[in-house]
Amino acid sequence: MNVSNITNLTRIKFDTSQALRIKNNDINRADKAPSEITFIPGENIDHEKCIGKDGNEFEVISYCKIKEETLNKDYLDVFAAKAQGKDVNCYDYYVENFISKIAKNFSDSGSLKNDMKSLKKGINNLVGEMKKNISRGISNDIENLNTKFNVNEVDFTFKELMDSSKVMDCASSILVNTGSGLDYEGYAEMGIAKGKVNTYAGKNLNIDQQKLLNSTMSTRIQKIIDSVPYKMYKMLLMKNMHKKLWILFQM
């Protein structure tokens with residue numbers, strides 16, 4: 001991005017994480033400029049508010065586009081390319097996006113800091129496993145990957161993590177936003193979302209994994225309910241009970 005005298009600086013992020021990484025040079029020398037500064041327009045950064053199983057809100061940040069490249073590659077392909085020794089454009093940003101994707105679905109405000117570290121370690125271990133598989137002639141299909149990722153003190157394989165995250169994304173997309181009000185349809189959709197997570201977890205995950213998914217979704221739903229005035233929530237419960245009685249009467 002080119003910065004001019006009409007650029008709105010409030011909508012730009014200055015990523016200086018690489019700025020002082022000048023190899024074979026003394027960074028104290030006055031004639032040496034930062035090696036790289038990336039300007040990221042605000043519309044290319046996603047700030048997402050999340051609710052974990054502790055009921056507290058936290059935020060994750062992900063990147064949509066860096067230097068005109070849209071970050072939409074499959075994570076398995078990105079990590080596999082890294083294991084093959086290829087130069088992956090914007091690799092560090094893909095790593096950050098992966099961590100944010102997983103953290104928003106499984107972390108909470110208390111575990112976030114440690115989760116970000118452990119997930120990054122898990123990625124490095126996964127790439128290492130892929131390198132070994134390549135040297136041994138073993139396919140790096142997702143079912144063959146055994147690296148464990150630890151999030152909120154629960155272990156997942158890469159496949160378990162990605163599949164579970166998709167289910168959480170799908171269920172969360174059904175829910176209304178906290179504080180946006182709740183009608184009968186929204187109340188019913190909360191039950192659908194909770195059921196989706198519970199059914200998937202019961203069929204595919206171990207006990208600890210099930211508890212993490214179910215408790216996180218239950219907390220999010222309770223947060224929505226708590227944001228609704230008591231009288232309105234009571235009316236929704238009455239409507240739900242009347243509907244069930246009407247169905248039974250028709251039978």
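Would you mind stating whether residue 182 is modelled with pLDDT under 95, surrounded by 12 or more Cβ atoms within 10 Å (Cβ to Cβ) and more than 21 Å from residue 100 (Cα to Cα)? So residue 182 passes the test. Quick one: is residue 167 in contact with a helix residue (DSSP H, G or I) (Cβ under 9 Å, 6 or more places away or on another chain), surrounded by 14 or more Cβ atoms within 10 Å (Cβ to Cβ) and not in a helix (DSSP H, G or I)? It is false that residue 167 is in contact with a helix residue (DSSP H, G or I) (Cβ under 9 Å, 6 or more places away or on another chain), surrounded by 14 or more Cβ atoms within 10 Å (Cβ to Cβ) and not in a helix (DSSP H, G or I).
The helices (runs of 4 or more DSSP H) falling completely within segment 38-147 that include 3 or more residues that are within 16 Å of the chain's Cα centre (by Cα) and touching a residue at least 24 places away in the same chain (Cβ under 8 Å) map to 91-106, 112-136. Summed over segment 129-155, the residues that are of a type in the set (D, E, K, R) and at positive phi give a count of 1. Residues in segment 85-124 that are among the aromatic types (Phe, Trp, Tyr) and either on the phi > 0 side of the Ramachandran plot or surrounded by 19 or more Cβ atoms within 10 Å (Cβ to Cβ) (or both): 93, 94, 98, 106.
Taken over segment 194-229, the residue count meeting the criterion of being assigned to a helix (DSSP H, G or I) and either in contact with a helix residue (DSSP H, G or I) (Cβ under 8 Å, 6 or more places away or on another chain) or modelled with pLDDT under 55 (or both) is 20.
The values are calculated or read from the model by the stated rules, or taken from the named source; none is laboratory data. The structure presented is a predicted model; accordingly, all values stated were derived computationally and were not measured. Note: ideal-geometry Cβ built from the backbone for every residue, glycine included; neighbour counts use all protein chains shown.
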